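Beneath this line is the structure, given in structure tokens, with notes to follow.
The values are calculated or read from the model by the stated rules, or taken from the named source; none is laboratory data. Because the structure is a prediction, the values reported are computed rather than measured. Here the Cβ is made from the backbone with ideal geometry for all residues, glycine too, and neighbour counts use every protein chain on show. Keep in mind that these areas ignore ligands, DNA and RNA; they rest on the heavy atoms of the full protein, side chains included. Shrake-Rupley method; radii C 1.70, N 1.55, O 1.52, S 1.80 Å.
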Amino acid sequence: MADLSHQDWRTRAATLGFRNKAFIDGKFVDAASGRTFDSINPATGAVLTAVAECDAEDVDRAVTAGRRAFEAGHWSRMAPGDRKAVLLKLADLIRANLEEMALLDSLDMGKTITDASTVDAPGSAHFFQWYAEAIDKIYDEVAPTGPGDLALVRRVPLGVVGAVTPWNFPLDMATWKAAAALAAGNSVVLKPAEQSPLSALRLAELAAEAGVPDGVFNVVPGYGHTAGKALGLHMDVDCLAFTGSTAIGKMFMQYSGQSNLKQVWPETGGKSPNIVFADCENLDAAADMAAFGIFFNQGEVCSANSRLYVERAIKDDLIAKLKERAEAMQPGDPLDPVSKMGAIVDEKQTQGIMGFVEDGKKTANLVTGGDRVTVDGKGCFVQPTIFDEVTQDNPLARDEIFGPVLSVIAFDSEDDAVRMANDSIYGLAASVWTGGLSRACRVADRLNVGTVSVNTVDALSAQTPFGGMKQSGFGRDLSLHSLDKYTALKTTWIKYQA
């Protein structure tokens, strides 16, 4: 796909078909109410398709199908090696349909086709493959007991897993939840964000093609206050995995208490600090990655490094380098491979970002950017924006903007840097730039976050858990630890004649 031109992608987009119905019990169906909502391309304002608007009745149908499939055992009691084979086939099908999957996410939520085709879609295939290959290597335990007693401790699937995913990485976030939950033997009911449901619906179709039995993987597009709430309150959902805002994560915790005490695994907001010390050995690399850490995916990343703490002695040099990089990353048509940034997901999010920017112009020093722009006279686009002289109590430094807005704050000592970095309700991720090994380890130990990246930003892999502390939630995606969310420990104690 590296040789596809802007026109090539436009041509493919023009002929793309959309799955726009709910996927329940192995087939596409209309919402019970018959209602639909529009899926809109934020780069152009054009309606892509009308999508089934699911509500509580549709969620109940999907959960019932999931429970029926779970009890039947075609998937839940399938040998791990056989589930592995199906999920490996699904990974291959994603790769075989990579252009389509990338286009769905690019058109639906505005990310660049370059990112969608080289990061998101291949990442989805990789994560399905990783969990497929892992699941037949997870061992149960035999507890230490005395003669005549055999205590088996097994990991068993929970049953029906609800997953509510955000719009910033539609395919990948659906995969992070579904790959682990399916590998463990659960049924899944996925509620994708209403802004970006199209790749999840296609994923469900590919899962069926790969051999996932009917009812095991269901997708119910709809709004959070109807379909999402219904999933959170459903009495037959055993677990709810959520990625999104902190406020909505708290609501799902309440829904659990109001219903059946289902497990809730929230991965919520972030305001990740990036700390650059004067002993950083490569300031150009720090500038490159600081720009990437806030402007990648238009800043619509929960772990975006949106707070930049710079030791005062090097602040001016680093800001100059960042300004140069930001001005080279102006937004463009997401379908143009040369575009460095795409569109903001929708009008509401764009206005929210610009509200922070306009207020910031009155309280901090605007270094570059700060404007909403259009491409070909259309779309939801915001320039990469940098503010300097931001105070610690400024909303620019405290609130999750979820857009391409970087706040720069100077510090004079290591203790000051750590104190300000930890002074947040969030604790998802952090980055540290230093040439000193002791400082790197010491500062990493003191930062109250789920992941600390040293001399890079936002490091993640299938092998390492992703999640946070404080009001960033306590859910963990990726790694073998993710399977803890989707399994229960079951003890079988056997007395025998010694």
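Where does helix 198-210 land angle-wise versus the long Cα axis of the chain, in degrees 0 to 90, nearest 10?
Here the helix axis deviates by roughly 40 degrees.
How long are the semi-axes of the ellipsoid equivalent to the chain, from square roots of 5 times the Cα gyration tensor eigenvalues, in whole Å, largest first?
Square roots of five times the eigenvalues give 38, 29, 20 Å.
Of all DSSP beta bridges in the chain, what percent run antiparallel (nearest 5)?
The answer is about 45 percent antiparallel.
Quick one: which of 96-107, 190-201 comes out on top by average Cβ neighbours within 10 Å, and what's the full order, highest first?
190-201, 96-107
Would you please state which residues of region 448-465 a label at residue 118 would reach in this model, taking the label point 7 Å out along Cα→Cβ and a backbone N cut-off of under 20 Å?
The answer is 456-462.
Gain in length, residue 463 to residue 100, computed as 0.36 nm per residue apart minus the alpha-carbon separation, to one decimal in nm?
128.0 nm
In 5 Å bins starting at zero, report the fraction of Cα pairs in region 53-144 per bin as a rounded %.
Spelled out bin by bin, region 53-144 gives 3, 12, 14, 13, 14, 18, 15, 7, 2, 1, 1, 0 percent.
I'd like to check one number: the per residue accessible area of the chain, probe 1.4 Å, reported in Å² as a whole number.
38 Å²
How high is the relative contact order of region 290-370, in percent, counting Cα pairs under 8 Å that sit 6 or more residues apart?
Over region 290-370, the number comes to 26 percent.
Of 229/470; 84/340; 262/340, which pairs sit farther than 32 Å apart, going by alpha carbon to alpha carbon?
84/340; 262/340
Using only C-alpha atoms and all pairs of different ones, pull out the Kirkwood radius for region 160-213 in Å with one decimal.
Radius from the Kirkwood sum: 11.1 Å.
Once neighbouring chains are kept in place and the probe is 1.4 Å, which whole percent of the accessible area of region 338-380 is contributed by carbon and sulfur?
Ligands and nucleic acids excluded, carbon and sulfur give 49 percent.
Can you tell me, using C-alpha contacts under 8 Å and at least 6 residues apart, the relative contact order of the chain as a whole percent?
Over the chain, the number comes to 18 percent.
Relative to the longest principal axis of the C-alpha atoms of the chain, give the angle of the C-alpha long axis of helix 98-109, reported between 0 and 90° and rounded to the nearest 10°.
Result, in degrees: 60.
Multiplying the sequence separation of residue 399 and residue 235 by 0.36 nm and subtracting their Cα-Cα distance, what value in nm do you get?
Working it through step by step, the gained length comes to 55.6 nm.
So if each residue of separation counts as 0.36 nm, and I subtract the Cα-Cα distance between residue 495 and residue 92, what length gain in nm does that give?
140.5 nm
For the ranges 255-266, 272-283, what's the packing order if you count other beta-carbon atoms within 10 Å of each residue, average per peptide, and put the highest first?
By packing density, highest mean first, the sequence is 272-283, 255-266.
For helix 80-96, report the angle its Cα long axis makes with the longest principal axis of the Cα atoms of the chain; keep it between 0 and 90° and round to the nearest 10°.
Here the helix axis deviates by roughly 40 degrees.
Report the FRET efficiency, 1/(1 + (r/R0)^6), for residue 391 and residue 150, where r is their Cβ-Cβ distance and R0 is 51 Å, rounded to 0.05.
0.20
Can you tell me the order of 149-161, 72-84, 301-313 when each peptide is scored by its average per-residue count of other Cβ atoms within 10 angstrom, highest first?
Result, highest mean Cβ count within 10 Å first: 301-313, 149-161, 72-84.
Provide the descending list of Cα extents for region 435-489 along its principal axes, expressed in whole angstroms.
42, 23, 19
What is the magnitude of the charge dipole of the chain about its Cα centre, with +1 placed on the Cβ of each Lys and Arg, -1 on the Cβ of each Asp and Glu, and no other charges, expressed in debye to the nearest 20?
For the chain, the charge dipole is close to 1300 debye.
Could you list log10 I(q)/I(0) for region 249-323 at q = 0.21 Å⁻¹, which the Debye formula gives when each Cα is one point scatterer?
The Debye formula, applied to the Cα set alone, gives -0.88.
What percentage of the solvent-accessible surface of region 79-221, computed with a 1.4 Å probe over protein heavy atoms, is contributed by carbon and sulfur atoms?
For region 79-221, the apolar C and S fraction of the accessible surface comes to 54 percent.
What does the helix-only formula give at 222 nm for the chain: each DSSP H stretch with n ≥ 4 adding -39500 (n - 2.57), the total divided by the residues, and the result rounded to the nearest 500 deg cm²/dmol?
Calculated mean residue ellipticity at 222 nm is -11500 deg cm²/dmol.
Simple spin-label model, 7 Å along Cα-to-Cβ: residue 361 to residue 30 in nm?
A separation of 4.8 nm, rounded to one decimal place.
According to a simple spin-label model (label point 7 Å from Cα along Cα-to-Cβ), what is the distance in nm between residue 139 and residue 328?
5.1 nm
Note down the relative contact order for region 130-212 as a percent, whole number, built from C-alpha pairs under 8 angstrom at least six residues apart.
Relative contact order of region 130-212: 28 percent.
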